[in-house]
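Here the structure is laid out as structure tokens; the discussion comes afterwards.
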Amino acid sequence: MTYYQNRGGFLSSWPPVTKSIIIINVLVMIMTSLNEEFMTSTFALFYPTSQYFRPWQVITHMFMHGGFWHLFFNMYTLFIFGSVLERVWGGKKFLLFYFVTGLGAAALHTGVQWIEAQHYISQIAEGNAMAAKAYAILKVTPTVGASGAIYGLLIGYALLFPDSVLTLIFPPISLKAKWFVLIFAAIELLTGVFSLNDGVAHFAHLGGMLFGWLLILYWKKKHKLYQHE
């Protein structure tokens, strides 16, 4: 286990990778506020057949957010749970976990979009004008946020510390981490299935949790869960 000594104030006590990710996200948010159209069209994630899609977006969208509160809650959660996991795993392994879960989230989200797109395309072939409009909207709708990786951190924490008790600010409910994660996963699955067009990438959240779970299972099988890389 790695310990970080506080030698220079509050920020210096944060694990370095967690701190760096937060700083990058804040800087990108500032840049987005200065030129939202350019930042969104260039760095948000678009469906692969969209005219706006660029390969680097699978990475850059993880550092963009749709507003202050979106950024705040993601970074707050990253600070709380990411700090713990980085101290357990070390910076390199934590960064690997963060990107695997973030990319896994993007993969599942895009996969669900592909299923939607195939449905729209089949409807378009039958002359459905509403399907054509829906497909056009899908291709120009950007996806932003670190939420997939954040949900990966949540399941990572729950798997390492399943019996630790967490308390929500609102409502003030206390439960063991393993139950919180199961409840969150169930909520995301239900809302993803029944609210596909609510503006939230629910399957990205589930993707982050799925790939986080799979990576930790792999590390356990190889007896590398607590080894630094």
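Criterion first (surrounded by fewer than 20 Cβ atoms within 10 Å (Cβ to Cβ), touching a residue at least 40 places away in the same chain (Cβ under 8 Å) and not small (Gly, Ala, Ser)) does residue 226 satisfy it?
So residue 226 fits the description; yes.
Conditions tested, residue by residue: (1) under 22 Å from the mean Cα position of the chain (by Cα); (2) loosely packed, with under 13 Cβ neighbours inside 10 Å; (3) at pLDDT 95 or above; (4) of a type in the set (Ser, Thr, Tyr).
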residue	(1), (2), (3), (4)
143	yes, no, yes, yes
153	yes, no, yes, no
190	yes, yes, no, no
195	yes, yes, no, yes
209	yes, no, yes, no
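Is at least one residue of the range 155-169 of a type in the set (A, V, I, L, M, F, W, C), crowded, with 24+ Cβ neighbours inside 10 Å and in contact with a Phe, Trp or Tyr (Cβ under 9 Å, 6 or more places away or on another chain)?
yes
Taking the range 97-139 only, how many residues are β-branched (Val, Ile, Thr) and touching a Ser or Thr at 6+ places or on another chain (Cβ under 6 Å)?
Qualifying residue count for the region: 0.
How about the range 83-102: which of its residues are under 13 Å from residue 208 (Cβ atoms) and surrounded by 19 or more Cβ atoms within 10 Å (Cβ to Cβ)?
Passing the criteria: 97, 98, 101, 102.
The values are calculated or read from the model by the stated rules, or taken from the named source; none is laboratory data. The structure presented is a predicted model; accordingly, all values stated were derived computationally and were not measured. Every residue, glycine among them, receives a Cβ derived from its backbone with ideal geometry; neighbour counts consider all protein chains shown.
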